[in-house]
Amino acid sequence: MRDVTDLYQEFGDERLPPGQSEREDFPVLSKGGTPRVDTDVWEFTVSGAVENELTFTWEEFLDLPSETQLQDFHCVTGWSRLDNEFTGVPFPEIVERAGVSEDAVHVMFGAADDYTTDLAFDACNRQEVLFAYELDGEPLPADHGGPLRVVTPHKYAWKGAKWVDSVTFLTEEERGYWEQRGYSDTANPWEQDRYS
Ligand SMILES: Nc1nc2c(c(=O)[nH]1)N[C@H]1C(S)=C(S)[C@@H](COP(=O)(O)O)O[C@H]1N2
Ligand SMILES: [Mo]
């Protein structure tokens, strides 16, 4: 397992970002209910500024190289859950297979509940950004985004789309669900980038 809980050193002095408090349980925050996602018909698509548009079935996605990481999780509402064990596919694995264009500057994630969230390409193209399907050694619970979610330990957690089923590479910035409603594009917890 790779421990990435020290990535805070890139951004600040304290592991726990300012204005956050640690909690042991794992609250569920979703804009609506938990969508039903059937892995038998599930499809994951990669499109936009890429050489190869890609589609993965669930089995194909599970065959991609994966990694287990120890990560922290920071919610913009003020709680942090430390030392979560997430297993999944690192974002750069997708970038490599898709042959992302030089002019891709931004990324939009899409999800089964019509949620979207955006990030700069450089902020996404890191080993710690995982398409995660296990939490603490168990299949990711549906409420937390199972079968597949994104985790972004260097950003507030709304940047991690639960029930993720698409990634689009963009040559211009666009805004996701919360970003259109006043939340930050950068979302750096150590700078308290909560709103834009
Ligand atoms: N698809 C989808 N992803 C989502 C959300 C959502 O409503 N839909 N909520 C976001 C928000 S605001 C947060 S804080 C985290 C919460 O993840 P959790 O429910 O596992 O704690 O998921 C993020 N990802
Ligand atoms: Mo949130």
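Scanning region 32-80 for residues that are of a type in the set (A, V, I, L, M) and either over 25 Å from ARG2 (Cα atoms) or within 16 Å of ligand 2 (Cβ to nearest atom) (or both) returns VAL37, VAL41, VAL46, ALA49, VAL50, LEU54, VAL76. Residue check: is PHE109 within 16 Å of ligand 1 (Cβ to nearest atom), at pLDDT 95 or above, closer than 30 Å to ARG23 by Cα and touching a Cys at 6+ places or on another chain (Cβ under 8 Å)? Spelling it out, it is not the case that PHE109 is within 16 Å of ligand 1 (Cβ to nearest atom), at pLDDT 95 or above, closer than 30 Å to ARG23 by Cα and touching a Cys at 6+ places or on another chain (Cβ under 8 Å).
One residue stands out in region 142-177 among those that are in contact with a Leu (Cβ under 6 Å, 6 or more places away or on another chain) and of a type in the set (Val, Ile, Thr): the one that is farthest from ligand 1 (Cβ to nearest atom), namely VAL151. Among the residues making up region 52-73, those that are of a type in the set (Asp, Glu) and either within 16 Å of ligand 1 (Cβ to nearest atom) or over 18 Å from the mean Cα position of the chain (by Cα) (or both) are GLU53, GLU59, GLU60, ASP63, ASP72. What about LEU29, is it assigned to a loop (DSSP other than H, G, I, E, B), at pLDDT 95 or above, within 16 Å of ligand 2 (Cβ to nearest atom) and out of contact with any Leu (no Cβ under 9 Å at 6 or more places or on another chain)? Criteria met by LEU29.
The values are calculated or read from the model by the stated rules, or taken from the named source; none is laboratory data. Owing to the predicted nature of the structure, the values given are computational and were not obtained by experimental measurement. Methodologically, a virtual Cβ is constructed for each residue, glycine included, from the backbone with ideal geometry; neighbour enumeration extends over all protein chains shown.
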